[in-house]
Amino acid sequence: MKYFNTTGICIPSQHYMVDVSKKMEQIEALIHQGNYFTINRIRQYGKTTMLSLLEEYLKEKYYVINISFEGVGEEYFSSEAEFVRGFIHSVEEIMEYTPEISRLSGIWMKDTEEITHMYGLSKHISEFCIECDKRVLLMIDEVDKSNDNQMFLSFLGMLRNKYLQRIKIPTFHSVILTGVYHVKNFHLRQEEEKKYNAPWNVAADFTVDMAFSVSEIESMLLEYEQEHDTGMNRQSIAEEIYYYTSGHPFLVSYISRKIDERKQAGREKNKSWSRQDVRYAIRDMLKGTNPLFDDLVKTLENNKEFFRLIKDMLLNGKSISFNALEPVMNLGINFGVFKDISGRLAVSNLIFEECLYNYMIAKQVVQGAIIKNNQGNFVENGHLNMKKILNKFQELMKEEYRNEDKEFLERHGRLLFLCFIKPVINKIGYYIVEPSTRDDNRMNLVIFYGEDKFIVELKLWYNRKYNEKRLEAFADFMNSRHQKKGYLITFYFYNGREKMHEDYTQELHQYKGKEIYEVVV
C-alpha cells in the first residue's frame with residue numbers, strides 16, 4: 001500500500017504524489033529550447049524527485065543522464081584528473097543501471113583511459129553526442145557538494161564554452177543543475193582578478209513554480225481517496241493545507257502523513273478528513289522537530305542580520321521592500337523562508353511564521369518572568385477561558401512592567417503576550433498570526449485550542465477616533481473568520497498621543513453584532 005513520503009525521493013509506485021504534469025510541460029519547454037538552467041530550492045523541496053520524474057517524462061525524446069554529487073567524497077574534486085575520471089565513471093555507472101541508456105555505456109567509455117583534463121573531457125562529450133541518435137540531456141543533482149570548488153567551476157566553464165560554440169561543436173542539448181544555492185553564488189578559490197569569467201552566466205532563469213497548487217494537492221488526495229474511500233471533501237482539505245503551507249512540498253506531505261497516521265491508528269471512528277484534522281497535524285508538527293525546521297533555526301543562529309530582519313518584519317510590523325539582490329534577503333529566499341508579495345517581503349508560509357515566532361519566544365530573556373507569572377487555571381471543562389487569560393496578562397503587565405521603559409514596552413509588547421500565551425495553549429493548541437493584519441500598529445492572532453478558535457487583536461492606542469476605526473476593522477475580520485466573539489489587547493503608551501481616561505481598563509463592547517472584550521495595558 002502507498003504512503004505519504006517525507007524523506008528522500010518520492011516514487012510513484014510507492015508513494016502518494018501530486019500530479020505535476022503541468023510543471024513537466026513547463027520544464028520541457030525550457031529544455032526543448034536548449035536552455036541550460038539551475039533549480040535551486042531549500043532542502044526537501046522535491047528537487048531530486050523532480051529530476052527523477054523529469055527523466056521518466058523525457059526518456060522517449062532524449063537520452064537523459066541523471067547523476068548526483070551526493071556522497072562522492074572530497075577526492076572527487078581534489079584535482080582536475082580526479083574530477084574528470086570521477087565524472088566519466090559517474091556517468092558510466094548511471095548508464096549501466098538505466099535501461100533506456102544502458103547500451104550507450106560502451107560508446108561513452110570508448111577511449112577514456114587517457115582522458116585526464118577538461119579539454120579531453122570536452123572533446124569526449126562532443127564525440128559522444130555525435131554518436132547518439134537522440135539529443136542528450138545532462139542533469140546533476142546536489143551540486144552544492146562542490147561549493148567553493150575550483151574543479152567543478154572549471155567544469156562549468158567548459159560546459160559554458162561548449163554552449164557558446166554549439167552551432168559548430170556538438171554538446172549536451174540541455175544541462176540542469178540542482179541545489180540549495182544558485183551556482184552564481186559559489187565562491188571561487190582564486191585571486192579576485194580571475195573571477196571575471198562567470199562560469200554559468202549562460203543559464204536561463206528557472207521560473208517554474210515548484211510549490212504545489214490547490215488543484216495539485218487535490219490530485220494527491222484523490223489518489224489516497226481511491227484506496228481508502230474516506231468520503232473527504234478533497235477540495236476543502238486541499239485548500240486548508242495550502243492555506244497554511246503555501247504549497248511547500250515537504251509541509252504538504254508531512255501534514256498528509258500525520259492525518260493518515262492518526263486515522264490509521266484507529267483513534268477516530270470517522271475516517272473522513274476534516275479541516276480540524278489539518279490543524280491537529282500542524283499542531284503536532286510545530287511541537288516536534290524536523291530537518292526543515294532545524295535548518296531554519298541554524299540559519300537564524302548563525303546570522304544576526306537575518307534574525308534582525310525577521311524580527312523587524314514579524315514583531316515590529318515593518319513593511320520591507322522586496323530585493324532579491326540584498327544579501328540577507330537572498331539568504332532567506334534560498335532557504336525558502338521569504339517570498340515576494342506585490343513588491344513587499346513576506347514569509348513564505350504560515351507554518352514557517354509560527355516556527356519563527358517560537359524561535360523568537362525561546363530567545364527572550366523576559367520569557368522566564370512571564371511563564372512564572374502566568375500560572376493559573378485558564379482551562380474550564382476542556383475549554384480556554386480567554387477572558388481570564390487577558391485579565392491575567394493585564395495584571396502581569398501592571399505588576400511587572402508598568403515602570404518599564406515605554407520604548408521597551410512598545411517594541412516588545414507583542415512578544416510579551418506571545419511569550420505569555422504559548423505555555424498556556426502548548427499542550428493541545430497553537431496560534432497563527434494573520435499576515436494581512438500585521439503592521440506596526442496591530443497584530444491579529446488566531447488561537448486554536450482543541451476544536452475551539454479565538455480571535456485576539458493586539459494594537460497600539462492612538463486616540464478615540466482611531467480606536468473606533470480599529471473596532472470596525474476588527475469586527476470585519478471576525479466576520480471573515482465566522483466568529484461572534486473577539487478579544488482585544490490595547491497597548492497604551494502616552495508618548496504625546498491622546499490621553500485615555502484611565503489605564504488598565506477592561507470593557508465589553510457590543511459592536512455590529514459582535515462581542516469584543518478589551519483590556520488596556
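The values are calculated or read from the model by the stated rules, or taken from the named source; none is laboratory data. As the structure is a computational prediction, the values presented were derived from the model and not from experiment. Please note: Cβ atoms are built from the backbone with ideal geometry, for glycine as well, and neighbour counts cover all protein chains shown. When the accessible area is computed, the model is the full protein with side chains, heavy atoms only, and any ligands, DNA or RNA have been set aside. Shrake-Rupley method; radii C 1.70, N 1.55, O 1.52, S 1.80 Å.
At a Förster radius of 30 Å, what calculated FRET efficiency corresponds to the Cβ-Cβ distance of residue 215 and residue 28, to the nearest 0.05?
0.95
Taking the Cα centre of the chain as the origin and placing charges on Cβ (Lys, Arg +1; Asp, Glu -1), which of 317, 208, 18 is farthest toward the positive end of the dipole?
Of 317, 208, 18, it is 317.
Leaving ligands, DNA and RNA out of it, report the carbon-plus-sulfur percent of the accessible area of the chain at a 1.4 Å probe. Present the calculation step by step, with values, prior to reporting the outcome.
On the way: 11450 of 24530 Å².
Solvent-exposed carbon and sulfur of the chain make up 47 percent of the total.
Could you tell me the ratio Rg/Rh of the range 1-117? Both radii from Cα atoms, Rh via Kirkwood.
On the way: Rg = 16.5 Å, Rh = 16.5 Å.
When Rh is taken as the Kirkwood radius, the ratio is 1.00.
How would you rank 153-162, 22-31, highest first, on the average number of other Cβ atoms within 10 Å across their residues?
The densest-packed peptide leads the list: 153-162, 22-31.
Taking the Cα atoms only, what angle lies between the long axis of helix 464-480 and the longest principal axis of the chain, rounded to 10 degrees?
Computed tilt is about 60 degrees.
Here are some pairs, 339/512; 339/514; 363/514; 298/422; 23/427; which of them have Cα atoms lying more than 31 Å apart in this structure?
Working: 339/512 36 Å; 339/514 35 Å; 363/514 37 Å; 298/422 22 Å; 23/427 40 Å.
Exceeds cut-off: 339/512; 339/514; 363/514; 23/427.
Pop a pseudo-label 7 angstrom from the Cα along the beta-carbon direction at both residue 56 and residue 480 and give the gap in nm to one decimal.
Between residue 56 and residue 480, the simple spin-label model gives 4.0 nm.
According to a simple spin-label model (label point 7 Å from Cα along Cα-to-Cβ), what is the distance in nm between residue 2 and residue 169?
The two pseudo-label positions are separated by 4.6 nm.
Angle between the Cα long axis of helix 350-363 and the longest principal axis of the chain, 0 to 90 degrees, nearest 10?
That works out to roughly 70 degrees.
Here are a few candidate values for semi-axes √(5λ) of the Cα gyration tensor in Å: [x] 45, 28, 20; [y] 76, 24, 20; [z] 53, 27, 18. Which one was actually calculated from the structure I just gave you?
[z]
For every other residue with a beta carbon closer than 13 angstrom to the beta carbon of residue 175, add +1 if it is Lys or Arg and -1 if Asp or Glu, then tell me the sum.
Numbers: positive: 135, 160, 162, 166; negative: 141.
Residues near residue 175 contribute +3 overall.
How much length would be gained if the chain were fully extended between residue 82 and residue 324, taking 0.36 nm per residue of separation minus their Cα-Cα distance, in nm to one decimal?
Full extension from residue 82 to residue 324 adds 83.5 nm.
Put a dot 7 Å past each Cα toward the Cβ at residue 391 and residue 316; how far apart are the dots in nm?
Between residue 316 and residue 391, the label points sit 3.6 nm apart.
DSSP beta bridges in the chain, what fraction antiparallel, as a percent rounded to 5?
Roughly 50 percent of the beta bridges in the chain run antiparallel, per DSSP.
When the label point is put 7 Å from the Cα of residue 383 along its Cα-to-beta-carbon vector, which residues of the range 437-459 have a backbone N closer than 13 Å?
Only 449-454 fall inside the zone, counting backbone N under 13 Å.
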